[in-house]
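Bear in mind these aren't lab numbers, they're just calculated from the coordinates by the rules spelled out. Given the structure is predicted, the values throughout are model-derived calculations rather than measurements. Every residue, glycine as well, gets a Cβ built from its backbone with ideal geometry; the counts of neighbours run over all protein chains shown.
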Amino acid sequence: MNLNSRFRGTIGALSSFMEQVGGWILLIVAIGVTINAFARYGFGADLALITEAGGFVFLVVTFLGLAGAYIAGQHVAVEILEVIGNKRFVQVMQHYVIPVISVIFMALLVIMTTMMTMRYFNTGRVTLGRYPMPFWIFMAVIPLGSLIYVFVLLSDLISRVRGEAVLANLSIDDALGHAEPSSNSDRHGGQPRKE
Amino acid sequence: MSLGLLGFIFFIGMLFAIFLGLPVSIALAIVGLLGLLYVGGVNTVIIMSGTTAVHELSHFNLLAIPLFMLMSSAITASGIGNTIVDFVVKWLHRIPGALHSAAVISCGIFAAMSSSSVATAAAVGGFILPEMRKRGHNMRLGIGAVAVGGTLGMLIPPSNLFIVYGVMTETSISKLFMAGIVPGIMVVVVVVLFNTILFKMVPSLTPSAEYEHVPSKAEKMLALRNAWTGLLLITTVVGGIIFGVVTPTEAGGLGAVVALLIGFFVLKTIKGKDLPDILVQAVRTTSMLGFIIFSGLILARASTMMNLSSSVINLVQDTGLEPWQVMLIINILLLLLGTFMDGAAITIMTVPLLVPLVVAMGYDPIWFAVVFAINMELALVSPPVGLNIFVLQGVSGVPLRDAMIGTLPYALLLLGCLIILMIFPQIALWLPTVMSN
Amino acid sequence: QEFTMKLAHHYPDVHIQAAGIRTFVSEIEKNSEGRIKVLVYPAETLITGREALEAVEGGVVDVATMSTNYQTGNIPQLEYYTYPFMFDNAQHFRRAMEGGIKEMLDVEYEKYNIKLLNFYHKGALHIMHKTAFFEKPEDFSGQRLRSLGGTISQLLSSMGANPLSVALGEVDAAIERNVIDGITTNCAAHISRGWSEHLKYVTFADMSQGGEGMGMNADFLASLPEDLQKVVMDAAAKMEDQEWSDMIEDDEVSCMNKWEDAGVKVHILTPEQRGAFQKQMEPIFAEALKARPDLQPYVDIASKTR
Ligand code: NA
Ligand code: NA
């Protein structure tokens, strides 16, 4: 086991863990709003916490799932080059150029939103309503989720250079005939797959 | 640099970034942040990247999206959709394209409960699309029908768009709601007619097993009996809203819970070990969508800060063209914006600036609201950036290209409806006028 | 030297309170003789009320309306003057603001590098219900009312009502489908959001006063030469005057007409009826004062200016 494959394994597991957390949050909130609704209907009482925290769930789930969605090939991209370009060119674009641009952008996003998280941490801003929660916690999910996405992109770039297995299931690979017959609807979880 | 040139660079840059093959979200965000950097500086970029995400993605209404995604993936995993689709196919056997038409009608009904177009598409798509795929129905057209049907969420009341429009322009929200009903029904009718004619003319679009097999009465009754789980789920969600037990957002949570319970205990198709996969599927689709919504907002804010929309509107205003010509230009601009921007972002950006102009030209703001709404519906289904297409390809696992191709004919039908509404404003204005007399 | 001032606010053009902002802008452009050019981003087209504090603090925009109800998470003192039945009416509220409360808020905003240029009325909360008025505390018993937490919810609970936390985007559906019986809101929202369609009974309680001001990035203000600083401050003062009188006129006259046109019935609480509610608030105030000692000066100013 070389260093890169250990890195890859860790990152794969981490991104899988993050989306699992997002999933359980979603389930808890689904149950929570349902109970809340029936409590309100039956007893005229609700738990404001559900409404107040529920407002942040879309944000939290979005960023917790970023890396996992990438690995599963679910971040949509318009691959018009796939139709017009030659195979080699498309492959270089999809395997190197676009990941590099993505890494740069996502890394900047990590830095900027970390700065904002620190700012919220320092001002001590809390959420509104009956159950004030520190705002920075919700903000922190943004750099955290983005950071794991950066790691996944980096890990796959390194793996591609070294000709090793990658994490991401890019639809381009299916189109170019590299992959198993399954398309991106199949779930690869955090499992590395051979190119 | 002149604004015109800046706007041009902005637009071309974005198309380039998208067609390069970058993830749509990253493409939009890069161009947006570069725009903010140019016009506002480093501090603006840092603050906006953080506050846009943390404040604009944290509205309770947005919770409807992940909740309906969860319901959708629970339906897919449990096979509840199967029973309903079987029921539709057997009972409406004689009607060509019945399944595709039923999808659109279901969207219309669901739209009358939900304010959100994306939630509507996710809910109905989750029921029908995975089953269509299994049975070998035409997936492109299936996605197209649900994508366009789903947009009715904002046209058929209740509608978040009309609420925002009403508050921004101080027009009566109840009149806006009424104005959306007839055009909404018109869209459903047009799409159903199209389906019927198309599937009649091209029988090969229907899987031959279903086309050739005439179901017996016994088979029909069996299908009806088997459909009870699906009917139970639909009744719970719709009834829950109608009887005031749940709000439209909470209905997503209720639907997800009930779908999971049916899968676990009634159909026994979901086992404990399947649960993480179901949850994670909802997370992934939500994440894809949420990141695009975030990027779209960044882009919208950049163009607002550059004063692009207000300059264009002033330009149009100063041309001295006839009102109908100005209206035509407005619609073309909205269509263009809609190709790569999300409806909510366009609304925030343009409504406060457009409506005063439209009213000054003597147009009815209620009619324009419906025109605007159909434009925003088109934004959801026009390539390259169409959120409903993205949601449905996520829900169904069909390649994006197929989803876009399949949506195109239905998007054109929607455009046709828009043109009809432009020519005959009475379609929108009739009901509010009648009701207020 | 010429200056460009980026101004963001949350009012659409048609909103009554947008008029004061137009005055602010035109006064500045006129009196600076074109040396200050104002770029206006109206109706939350650039930033929303939720971000106004960070945006002005960090210089994304130079000046913005401070949406105080979104800023209590940063500046808890912004909640103090919204305590139910603290003020008799908008005039009393204004006297208290000018009698020292604004000065205390200035200090809080300064911590965010923001100069609070002025402070004005934003309308008072009343109780809107489907079928009934609320004339005494007992009337609240068992009512399901949407309320946004804080002391208003405490008051409602103490009178036996069920305060419910329905999110803003869901209020319409909640009213229409009988999820709730009523809401606490101001006249402008009641009418412009169409809630008056279903909630035809307004108890004009002047229950909780709302206010906000224009916040300017302190560095931006300091960067202006002194004569232009004065131009800005004068314009802000003129705007303040206009906002107070526009809003009070709207709340007390125009709203009544709009309500009448919409077929809404209005009951204005008598001083005796208000007295009963003020009494109901006493233990809540006492409890709040124990938890937040810095509330005391706000209460003192309120009673001194009564
Ligand atoms: Na709707
Ligand atoms: Na589009």
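Amide H contacts of C:I268 (H built 1.01 Å from N, in plane; Pro and chain starts excluded): C:F204 sit under 5 Å, all sequence-distant by 5 or more or on other chains. Helices that extend 27 Å or more along their long axis by alpha-carbon positions and average at least -1.0 on the Kyte-Doolittle scale are, among the DSSP H runs of chain C, C:226-249, C:271-291.
So, counting K/R as plus one and D/E as minus one, what does the shell of residues with Cβ under 13 Å around C:L295 add up to?
Numbers: positive: C:K290, C:R292; negative: C:E79, C:E287, C:D294, C:D300.
Residues near C:L295 contribute -2 overall.
Note on chain A: Cα Rg divided by 2.2 N^0.38 Å, N the number of residues, gives 1.23. State which entries of C:K37/C:K238; C:K102/C:K238; C:K102/C:K279; B:K134/B:K268; C:K200/C:K238; B:K175/C:K136 exceed 28 angstrom in Cα-Cα distance in the structure shown. Exceeds cut-off: C:K200/C:K238; B:K175/C:K136. How high is the relative contact order of chain C? Use alpha-carbon pairs under 8 Å, at least six apart in sequence, and give a whole percent. Taking the mean separation of contacting Cα pairs over the length of chain C, I get 26 percent. Less than 5 angstrom separates the built amide H of C:G123 from those of C:G210, all sequence-distant by 5 or more or on a different chain.
What is region B:20-126 by shape, rounded, prolate or oblate, if you read a ≥ b ≥ c off the alpha carbon gyration tensor as root eigenvalues and call it rounded for a/c under 1.5, prolate for a/b larger than b/c, and oblate otherwise?
Details: a/c = 3.30, a/b = 2.64, b/c = 1.25.
Prolate shape, in that a/c is at least 1.5 and a/b is the bigger ratio.
Rounded to the nearest 500, the 222 nm mean residue ellipticity of chain A from helices alone is -22000 deg cm²/dmol, with -39,500 (n - 2.57) taken per DSSP H run of at least 4 residues. Against the main long axis of the alpha-carbon atoms of chain B, helix B:24-40 sits at an angle near 20°. Compared with the dominant Cα axis of chain B, that is its longest principal axis, helix B:426-436 is turned about 90°.
Two-decimal Rg/Rh of chain C from alpha-carbon positions, Kirkwood Rh?
Details: Rg = 19.8 Å, Rh = 20.2 Å.
So for chain C, dividing Rg by the Kirkwood Rh gives 0.98.
Here the simple spin-label model places points 7 Å from the Cα toward Cβ, and for B:K200 and B:V266 these points are separated by 3.6 nm.
Only helices enter this figure: runs of n ≥ 4 DSSP H residues, each worth -39500 (n - 2.57), summed and divided by the residues of chain B, yield -26500 deg cm²/dmol at 222 nm to the nearest 500.
Of the DSSP H helices in chain A, those that are both long (alpha-carbon extent of 18 Å or more along the helix axis) and hydrophobic (Kyte-Doolittle mean at least 1.6) are A:135-162.
Counting other Cβ atoms within 10 Å, keep those with at most 12, restrict to DSSP loop, and tell me which chymotrypsin sites (Phe, Trp or Tyr not before Pro) in region B:177-256 are left.
Values: sites: B:F177, B:F194, B:F199, B:Y211, B:W228, B:F243; in loops: B:F243.
Here the sparse-neighbourhood loop sites are B:F243.
Taking every DSSP beta bridge that has both ends in the protein assembly as shown, the antiparallel portion is near 55%. All Cα-Cα distances of the protein assembly as shown, cut into 10 Å bins from zero to the largest, leave 2, 12, 21, 25, 21, 12, 5, 1, 0, 0 percent in each bin in turn. For B:I348, neighbours were defined as the other residues whose beta-carbon sits under 15 Å from its Cβ, and their charges (Lys and Arg +1, Asp and Glu -1) total -3.
For an R0 of 25 angstrom, estimate the FRET efficiency from the Cβ-Cβ distance between C:A218 and A:N122 and round to the nearest 0.05. Don't skip to the answer; put the middle values down first.
Values: r = 18 Å, r/R0 = 0.72.
FRET efficiency, C:A218 to A:N122: 0.90.
Quick check on chain B: take the gyration tensor over C-alpha atoms, sort the square-rooted eigenvalues as a ≥ b ≥ c, and tell me if it's rounded (a/c under 1.5), prolate or oblate. The shape class here is prolate. Against chain B, whose longest principal axis comes from its Cα atoms, helix B:64-78 is set at around 20 degrees. What does the C-alpha gyration tensor say about the overall shape of region B:296-435? Classify as rounded when a/c is under 1.5, otherwise prolate if a/b is larger than b/c, or oblate. The shape class here is oblate.
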